[in-house]
Amino acid sequence: MRLTMLYTLLFIVIICPLGCYTPREERVKLQEGVGSSTPIDNVVTQQIAHAFSAIIGQGIEIRNAVTRINKDGFMELEVSGFNEAYDTRRFEYKVEWLDASGMVIDTTTSKWMQTSAMSKSPFAIKAVAPRTSAVNFRMNTRKIPN
Amino acid sequence: MIKKLLPITLLAIVSFGCQPATENIDTINDPGKAVLGLDYRDFDRAASEMVQSMVASGAFKKEGGGRYVVAKGKITNDTMQRIDTDQLMGKVEQELTRSGLVVMTAAVGAGSEPGDSLVHSVRDIRDSDKGDEFNQDTLQAKGQLIAPELSISGKIIQRNVRYDNDKQQVEYYFQLRMTNLTTGLNFWQNEMVMGKRGDKKLAPW
């Protein structure tokens, strides 16, 4: 009797979710409240995950920075990252362009710009140097002043 | 007499002590709160985004080399605020010129006002009796001005929307376009939206 109950429980816990499995399109992110609940991701587990995320202080992670010179000779930058937190993160960034000597290029485009990243989602920041003398960059971020 | 003056003196001291001190703004890394109206940070952001959009567009590469000559067209201020549109255009023009993409002309501008009235004043002097007072070799010869090929124009629009019982939403639209004066075709166009929400009792200007 106990063995039968154990098998039934195992069937419910393991087989049922597998049976319900449908392949996901990785390029499309369904936010909470949009997509279907799953045994792993539902109202109960989400609360635990949110609390845990807040405790360990998850936030913005920068994954990659790509630069290229466009056909007019200006450097283009794309910084891509991921918001590991469970809330939308708004922040400011400032890109400064550096010339071949490593000196900062004086430009009015180097200002604090605002951006936003949805929870558990990738984001990208784009910038273009307004001088052909730019060969490198540096970027800083800060919280949006309240 | 002293008894009468004492409360007034105390009140004056307390009032003076409560006055917020005047301080200079750190315009490089301003940690100040957002305001409902448009402040210098908004113009900085708008100008930066517009210039980057122009540079990235690749639309200003002149065939055969050289740079386009650009005249400043009309920038309409359709907001509830008294804005000198040069606050935006000054930054855009400055950065475009320094980028080496285009050359701005001060000889012609939107309406009857050129970018720099002296361009025409010196010619008026040349053609008048006063011109005789000048060394003729230093006066501007005729046919020297370069006509603009492109014109930059745009509009700043404000929309006020009631958000809820306590808040209002103020939307600002910065629109700029670059027009080829020969063909009338738009070379480049961009719109940037800034939205702000705040106390409905606050005046957004």
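Bear in mind that the values in this text are calculations on the coordinates, not laboratory data. What you see is a predicted model; the values in this text were computed from it and never measured. For neighbour counting, all protein chains shown are included, and Cβ atoms are generated from backbone atoms with ideal geometry for every residue, glycine included.
Figures for the structure shown
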| read-out | value |
| --- | --- |
| Chain B, relative contact order [Cα under 8 Å, separation at least 6], % | 22 percent |
| Relative frequency of Cα-Cα separations exceeding 20 Å in chain A, percent | 63 percent |
| Residue among B:25, B:83, B:157 with the largest mean-square fluctuation in a Gaussian network model of chain B, springs linking Cα atoms under 10 Å | B:25 |
| Spin-label zone in the stretch A:114-146 - amide nitrogen under 16 Å from a point set 7 Å from the Cα of residue A:40 along the C-beta vector | A:120-121 |
| The stretch B:154-205 shape via C-alpha gyration tensor axes, a/c threshold 1.5 | prolate |
| Crossing angle, helix B:2-18 versus chain B [Cα axis fit, 0-90 degrees, rounded to tens] | 40 degrees |
| Cα gyration tensor shape of the protein assembly as shown, rounded if a/c is under 1.5, else prolate or oblate by comparing a/b with b/c | oblate |
| With at most 10 other Cβ atoms within 10 Å, longest stretch of chain B clear of loop GluC sites (Glu not before Pro) (DSSP) | B:64-205 |
| Whole-number percent relative contact order across the stretch A:57-135, with pairs defined as alpha carbons under 8 Å at least 6 apart | 37 percent |
| At R0 = 30 Å, FRET efficiency that the Cβ-Cβ distance of residue A:48 and residue A:126 yields, to 0.05 | 0.25 |
| If the convex hull is drawn through the Cα atoms of the stretch A:59-143, its volume per residue in Å³ | 84 Å³ |
| Global geometry of chain B, whether rounded, prolate or oblate, following the gyration tensor of its Cα atoms and the 1.5 cut on a/c | oblate |
| Cut-off 18 Å, label 7 Å out along Cα→Cβ of residue B:40, residues of the stretch B:57-92 by amide N | B:82-92 |
| FRET efficiency, residue B:183 to residue B:26 (Cβ-Cβ, R0 30 Å, nearest 0.05) | 0.05 |
| Of B:29, B:160, B:77, the one that fluctuates the most in a GNM where chain B has Cα springs shorter than 10 Å | B:29 |
| Packing-based exposure ordering (other Cβ within 10 Å, fewest first) of B:188, A:112, A:97, B:205 | B:205, B:188, A:112, A:97 |
| Computed lengthening from residue A:138 to residue A:93, 0.36 nm per intervening residue step minus Cα-Cα distance | 15.2 nm |
| Cα-centred dipole magnitude for the protein assembly as shown, charges only on beta-carbon of K, R (+1) and D, E (-1), debye, nearest 20 | 1140 debye |
| At R0 = 25 Å, FRET efficiency that the Cβ-Cβ distance of residue B:81 and residue B:162 yields, to 0.05 | 0.85 |
| Relative contact order %, chain A, counting alpha carbon pairs below 8 Å whose residues are six or more apart | 22 percent |
